[in-house]
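Comments concern the structure below.
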Amino acid sequence: MDCKKNFKLVFSKYLSMNIFLIISYLSLFIWLYLLLLHGRSSILGGYFFWSNNIIFEKLFKTKKLTINGRICVIIPARNEEKTILKTLFSIKDQGYKNLEIIVINDNSSDQTAVIVNDFKKDFKKITLINGKKLPRNWAGKTWALKQAVDYANKKKFTYYMFVDSDIIVKKGLLINIVSFIQEKNYLMVSLMAKLNCHSNWEKFLIP
């Protein structure tokens with residue numbers, strides 16, 4: 001009886017160790033696959049997965065389609081007097097005629113609203129909405145965007161573009177995105193802005 005108990009105990013420990021090793025090797029294999037293989041276009045085809053160097057303009061191969069829809073660019077802004085003018089001009093320079101801009105002034109205490117109103121001299125199709133006080137259980141930016149969308153929905157736009165007030169939109173990007181959406185029959189495309197990185201640590205850690 002003692003031999004059988006000892007055998008069962010040893011076998012149980014051996015089995016437990018093997019299961020632990022199998023799980024460990026399986027986890028290692030999965031992580032190696034994700035880090036080295038998954039989404040690598042040069043090996044398996046398709047888009048990169050872990051890469052932070054996916055540039056939309058380089059992936060974009062669609063022929064520019066005829067775009068007649070109305071585009072509304074919505075910009076939430078709170079104390080953005082130092083950056084918003086560059087953003088507005090970059091959108092104006094897209095060269096698309098059927099485009100309007102809505103800036104939702106999220107209770108700014110600086111000259112953001114004044115700058116937006118002055119911009120009307122260069123671009124007439126811009127609306128400045130002064131945001132209401134933040135209600136309970138709402139996040140600031142989300143509440144600002146909701147107010148802008150509620151206003152825009154009355155005008156029946158074909159496309160919405162949401163962009164922060166410190167982003168410079170490269171010329172032609174807006175038309176390429178809409179063409180991409182039409183060709184792929186997508187409902188939404190989300191892009192990440194290229195961040196300004198100066199130090200080596202920023203360049204290493206920030207995509």
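The values are calculated or read from the model by the stated rules, or taken from the named source; none is laboratory data. Please read these numbers as outputs of a predicted model, since none were measured by experiment. Here the Cβ positions follow ideal geometry from the backbone for every residue, glycine too, while neighbour counts run over all protein chains shown. Protein only, heavy atoms only, side chains kept; ligands, DNA and RNA dropped before computing areas. Shrake-Rupley method; radii C 1.70, N 1.55, O 1.52, S 1.80 Å.
Loop-located chymotrypsin sites (Phe, Trp or Tyr not before Pro) across segment 169-207 with a Cβ neighbour count of 14 or fewer within 10 Å are Tyr186, with loop assigned by DSSP. Charge dipole of segment 116-177 (Cα centre as origin; +1 on each Lys and Arg Cβ, -1 on each Asp and Glu Cβ, all else neutral): 280 debye, rounded to the nearest 20.
Taking a Cβ cut-off of under 12 Å around Ala193, the surrounding Lys, Arg, Asp and Glu residues balance to a net charge of 0, with basic ones at +1 and acidic ones at -1. Over the heavy atoms of Leu35, what accessible area does a 1.4 Å probe trace out, to the nearest 10 Å²? Approximately 90 Å² of Leu35 is accessible to the 1.4 Å probe. Simple spin-label estimate for Asn107 and Leu28 gives 5.5 nm between the two label positions (7 Å along the Cα-to-Cβ direction from each Cα).
Residue ranking by accessible heavy-atom surface, 1.4 Å probe, largest first, among Phe157, Phe20 comes out as Phe20, Phe157. Ordering Thr158, Thr127, Thr66 by accessible surface, largest first, gives Thr66, Thr158, Thr127; the 1.4 Å probe counts only protein heavy atoms, with every chain in place. Counted by Cβ distance under 12 Å from Trp143, the other residues give a net charge of +4, where Lys and Arg count +1 and Asp and Glu count -1.
When +1 charges are put on Lys and Arg Cβ atoms and -1 charges on Asp and Glu Cβ atoms, the dipole computed for segment 69-207 relative to its Cα centre reaches about 440 debye. Within the full protein context, the accessible area of Glu202 is estimated at about 60 Å² for a probe radius of 1.4 Å.
Site pair Lys86 and Lys156 shows an inter-label distance of 3.9 nm when each label is modelled 7 Å from Cα along Cα→Cβ.
Could you derive backbone 3J(HN,Hα) for segment 159-171 from the dihedral phi with the Karplus parameters 6.51, -1.76 and 1.60 (θ = phi - 60°), listing whole Hz in sequence and x where the residue is Gly or Pro? Once θ is set to phi - 60°, the couplings for segment 159-171 become 9, 10, 10, 9, 9, 6, 7, 10, 10, 9, 8, 4, 4 Hz.
Projecting label points 7 angstrom from Cα along Cα→Cβ for Met188 and Asn130 puts them 3.1 nm apart. Oblate is the label for segment 148-201, because a/c, from the alpha-carbon gyration tensor with a ≥ b ≥ c as root eigenvalues, is 1.5 or above and a/b does not exceed b/c. With the alpha-carbon atoms of segment 56-207 aligned to their principal axes, the span from lowest to highest coordinate is 46, 43, 36 Å, starting with the largest.
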